[in-house]
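Contents: one structure, followed by commentary.
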Amino acid sequence: MTKGKIVNLEGYVIRLADYKDNDAMITFVTDKDTYSFLARGIKKPTSKNRASMALLAKSKLSLIQTDGTYVLKESQPLSYPDAKDDFSRSVSLMFIAELCSKMIQGEEAEAIYPWLDATMSAIETIGNDSLSIALIFLAQVLRIEGYGLNVDGCVVCGKKKDIVGISLSDGGFLCREDLEYESQKRDVRILKILRYIFRCGPNDIARVSFERKECKFILDDLTKNLEEMTGIKLRSLELVKKI
Ligand SMILES: [Zn+2]
């Protein structure tokens with residue numbers, strides 16, 4: 001039998017899938033890549049790896065690599081999601097977890113990681129609006145995956161002035177002349193928010209707080225479009241509507 005090599009990682013748990021008995025297959029994202037590994041016995045209440053292997057926990061861990069497969073050796077939690085008995089924070093965390101689980105693959109890990117890290121620290125801070133944070137994270141994941149909106153100017157003519165709406169199918173802003181349907185029209189405030197969420201940097205996440213109805217409206221627009229393009233449906237959106 002070949003002796004395994006030890007791999008030390010730091011990152012976030014983004015997917016948990018039941019395996020046999022008390023075991024689970026975990027997907028873990030770091031600032032370089034994603035890793036899937038077997039975590040033995042972590043569903044047992046007494047497992048010492050339980051806290052560090054919770055969904056969206058940030059952890060340090062050691063894996064044993066043997067012939068291309070990884071098994072968890074030990075782990076240590078650095079921080080884990082805490083909804084602090086707040087319904088909107090709890091739903092926002094569910095939304096972020098589902099988004100990570102369905103959207104992050106190996107190649108995008110490096111680009112998404114700083115956003116996930118900034119999102120998780122921002123959401124933990126009392127006073128920050130969790131739904132606005134979740135909305136920015138969604139916009140950035142979409143941008144990185146190539147489903148973002150072009151918010152620099154009209155997608156048809158390139159004009160930067162007189163922007164009055166969006167075309168989800170063309171992926172960006174529309175000027176007054178190129179607006180085709182009434183349904184493409186958006187309020188100035190919604191257009192401003194769209195521009196912010198697609199253009200801001202990871203440090204800007206906690207600097208804004210949008211109204212709840214604005215967040216929900218944009219979440220609906222962007223996730224509907226994602227579903228049309230990829231077939232990916234985010235089930236936690238139903239809960240977001242109840243906030
Ligand atoms: Zn135009």
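Some observations on this one:
- Residue within segment 107-117 that is part of a loop (DSSP other than H, G, I, E, B), among the acidic types (Asp, Glu) and within 12 Å of the chain's Cα centre (by Cα) present: no
- Only one entry of ILE190, ILE136, ILE166 meets the criterion of being more than 16 Å from the ligand (Cβ to nearest atom) and over 18 Å from the mean Cα position of the chain (by Cα), and that entry is ILE190.
- Among the criteria (1) surrounded by 15 or more Cβ atoms within 10 Å (Cβ to Cβ); (2) more than 17 Å from GLU74 (Cα to Cα), the one ASN49 does not fulfil is (2).
- The condition (being over 16 Å from the mean Cα position of the chain (by Cα), within 25 Å of ASP117 (Cβ to Cβ) and surrounded by 13 or more Cβ atoms within 10 Å (Cβ to Cβ)) is satisfied by just one residue among SER209, SER236: SER209.
- The test for being more than 19 Å from GLU214 (Cα to Cα), hydrophobic (A, V, I, L, M, F, W, C) and modelled with pLDDT of 95 or more holds for LEU174.
- Checked against the criterion of being touching a residue at least 12 places away in the same chain (Cβ under 8 Å), more than 30 Å from ILE26 (Cβ to Cβ) and either surrounded by fewer than 17 Cβ atoms within 10 Å (Cβ to Cβ) or touching a helix residue (DSSP H, G or I) at 6+ places or on another chain (Cβ under 9 Å) (or both), segment 137-150 has at least one qualifying residue.
- The lone exception for ASN225 - which of (1) under 27 Å from PHE87 (Cβ atoms); (2) crowded, with 20+ Cβ neighbours inside 10 Å; (3) not basic (Lys, Arg) it fails: (2)
- Options TYR196, TYR181, TYR147: the member that is out of contact with any strand residue (DSSP E or B) (no Cβ under 8 Å at 6 or more places or on another chain) and within 16 Å of the ligand (Cβ to nearest atom): TYR181
- None of SER79, SER92, SER62 is of a type in the set (Gly, Ala, Ser) and closer than 21 Å to PHE198 by Cα except SER92.
- Looking across segment 52-94 at every residue that is free of Cβ contacts under 8 Å to residues at least 24 places away in the same chain and surrounded by 14 or more Cβ atoms within 10 Å (Cβ to Cβ), the one that is farthest from LEU237 (Cα to Cα) is identified as ALA83.
- For segment 160-206, a residue qualifies if it is within 26 Å of ALA111 (Cα to Cα), of a type in the set (Asp, Glu) and exposed (fewer than 13 other Cβ atoms within 10 Å of the Cβ), but none of them does.
- All of (1) within 14 Å of the ligand (Cβ to nearest atom); (2) small (Gly, Ala, Ser); (3) closer than 17 Å to LYS102 by Cβ hold for GLY153 with one exception: (3).
- Flag if GLU214 is closer than 28 Å to GLU110 by Cα and either away from the ligand (no atom under 15 Å from the Cβ) or touching a Cys at 6+ places or on another chain (Cβ under 7 Å) (or both): no
The values are calculated or read from the model by the stated rules, or taken from the named source; none is laboratory data. In this text the structure is predicted, and so the values were computed from the model without any measurement. Note: ideal-geometry Cβ built from the backbone for every residue, glycine included; neighbour counts use all protein chains shown.
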